[in-house]
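Some notes on the structure that comes next.
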Amino acid sequence: MLIFAAMPAQIYYPFTELNFSNRNCFLTGQALSSNEEKIPVFPQWLMSRYQLEDRPFKMLDESMATYKDIKVPCSAGINEEFLEPLEAEIAATFNIGYKAVKNLDDPKLFQWAGKLLYGIIFNEIQTGIKQQRANGEEFNISQSIIHKFSNLHLMLQSINLPMIFDGFKPYSIFLFKVNNFIDEFYYRDEINTLTFSLRIKDFGLIICLQDNGANRKYHREVVDKIENEILHPIQFEEFCGRVFYSAYLFNRLPEYNVLPVGDQIYLEAMPLRGMSSKPLFDDWINKTYGQVLESFWKNWGFLLFEIIKNPDNPMSFLFDREGKPINGSTIELSR
């Protein structure tokens, strides 16, 4: 059982009325004193450490922003009481590296990654609303996407509300030791599947934010073989490709019961299988996986035809032909 202690308060549901203005705190919905009451989505400590402020960041509509441009409206009080302490703890942990991250409570990583990814979602929705209104159209977004985003936002309020995840974890977390360059920063997300990856310092982190642990179970056999290895970056990116693809194949929309009990809020997960007898994941297709891998291996220049030269056994730097793990230190690639 995961318990988050905080002051009792009202749950905020921004998707009920699609409230994504700069006049309300993104986390609590409380009215702000100014449109300038904002915080950066990518925390200042991370931007300073990797000189990200002026780096380009591509939005879904293909427009470009900079990392420092991406902000969310946030109450100064909420930021000071809840978000800044979380950022300080994550910053100190990440600064030490893999060992410290491994010892950090999973919920903190979930809250931190979820806050970051939701901040990007907030900006994407805000842009979409403005564009469609400018064209005289109503903002249109699929109900399944709203369902996922709304549940993520609900769970993010475990940062500031006394919320208890009753007997389940809403996420899958994968953490590996990786032989990165000292100043390497590699971030990737897929907001439709709520999947996040970060490769910095001496580690790589992947989180599926709304799968109730399903992707962790799906990849259990692979994880058991490699989780104690030091991975070459191309190996970590290969595993990233596997997880991002399986997150796409995951075909359930998790449902939760919200049960206020006294001053606490209990979240209870409904069974993922529900009334359906079909597997939780659609069929794995190597050609599609190869296309994903081509994107993840872009830094090394491998092309799809090389990756799926043998369609039944795509190229791998994680495992040899006998299925045994490859020692990352034996891989010689320019990067």
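The values are calculated or read from the model by the stated rules, or taken from the named source; none is laboratory data. This one's a predicted model, so the numbers in the text were calculated from it and none came from an experiment. Positions of Cβ are backbone-derived with ideal geometry, glycine not excepted, and every protein chain shown enters the neighbour counts. Surface accessibility is based on the protein's heavy atoms, side chains included, excluding ligands, DNA and RNA. Shrake-Rupley method; radii C 1.70, N 1.55, O 1.52, S 1.80 Å.
Just a few scattered comments:
- Annotation: ASP183 fulfils all but one of (1) in a loop (DSSP other than H, G, I, E, B); (2) modelled with pLDDT of 95 or more; (3) of a type in the set (Asp, Glu); the unmet one is (2).
- Residue, least open to solvent (accessible area, probe 1.4 Å), within the range 315-335, restricted to residues that are small (Gly, Ala, Ser) and closer than 17 Å to ILE230 by Cα: GLY328
- For the range 304-314, the criterion of being surrounded by 17 or more Cβ atoms within 10 Å (Cβ to Cβ) and touching a residue at least 24 places away in the same chain (Cβ under 8 Å) is satisfied by at least one residue.
- For the range 154-187, the set of residues classified as open to solvent by less than 10 Å² (accessible area, probe 1.4 Å), within 12 Å of LEU198 (Cα to Cα) and under 18 Å from the mean Cα position of the chain (by Cα) consists of PHE174, PHE176, listed by residue number.
- Against the conditions (1) among the hydroxyl-bearing types (Ser, Thr, Tyr); (2) open to solvent by 50 Å² or more (accessible area, probe 1.4 Å); (3) not in a strand (DSSP E or B), TYR266 satisfies every one except (3).
- Tabulated pairs, the range 99-110, first under 20 Å from SER158 (Cβ atoms), second hydroxyl-bearing (Ser, Thr, Tyr) and assigned to a helix (DSSP H, G or I), C-beta under 6 angstrom, 6+ apart or interchain: VAL101/THR93; LEU104/THR93
- Of everything in the range 52-63 that is farther than 13 Å from ILE200 by Cβ and out of contact with any strand residue (DSSP E or B) (no Cβ under 8 Å at 6 or more places or on another chain), the residue that is surrounded by the fewest Cβ atoms within 10 Å (Cβ to Cβ) is GLU62.
- Against the numbered list (1) in contact (Cβ under 8 Å) with a residue 12 or more places away in the chain; (2) open to solvent by 20 Å² or more (accessible area, probe 1.4 Å); (3) part of a loop (DSSP other than H, G, I, E, B), TRP45 comes up short only at (3).
Table: residues versus (1) of a type in the set (Val, Ile, Thr); (2) over 20 Å from the mean Cα position of the chain (by Cα).
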| site | (1), (2) |
| --- | --- |
| LEU60 | no, no |
| VAL72 | yes, no |
| GLU80 | no, yes |
| ILE90 | yes, no |
| GLY97 | no, no |
| ASN103 | no, no |
| PHE110 | no, no |
| ASN123 | no, no |
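- When LEU303, LEU272, LEU333 are checked against the criterion of being within 23 Å of ILE146 (Cβ to Cβ) and out of contact with any Ser or Thr (no Cβ under 6 Å at 6 or more places or on another chain), a single residue qualifies: LEU272.
- Residues located in the range 213-245, provided they are open to solvent by 30 Å² or more (accessible area, probe 1.4 Å), within 12 Å of SER172 (Cβ to Cβ) and either of a type in the set (Asp, Glu) or touching a residue at least 60 places away in the same chain (Cβ under 8 Å) (or both): TYR218
- Extreme residue, farthest from ARG252 (Cα to Cα), among residues of the range 120-153 that are free of Cβ contacts under 8 Å to residues at least 12 places away in the same chain and in contact with a helix residue (DSSP H, G or I) (Cβ under 8 Å, 6 or more places away or on another chain): GLU138
- The range 271-282: number of residues that are free of Cβ contacts under 8 Å to residues at least 60 places away in the same chain and either over 23 Å from the mean Cα position of the chain (by Cα) or surrounded by 11 or more Cβ atoms within 10 Å (Cβ to Cβ) (or both): 8
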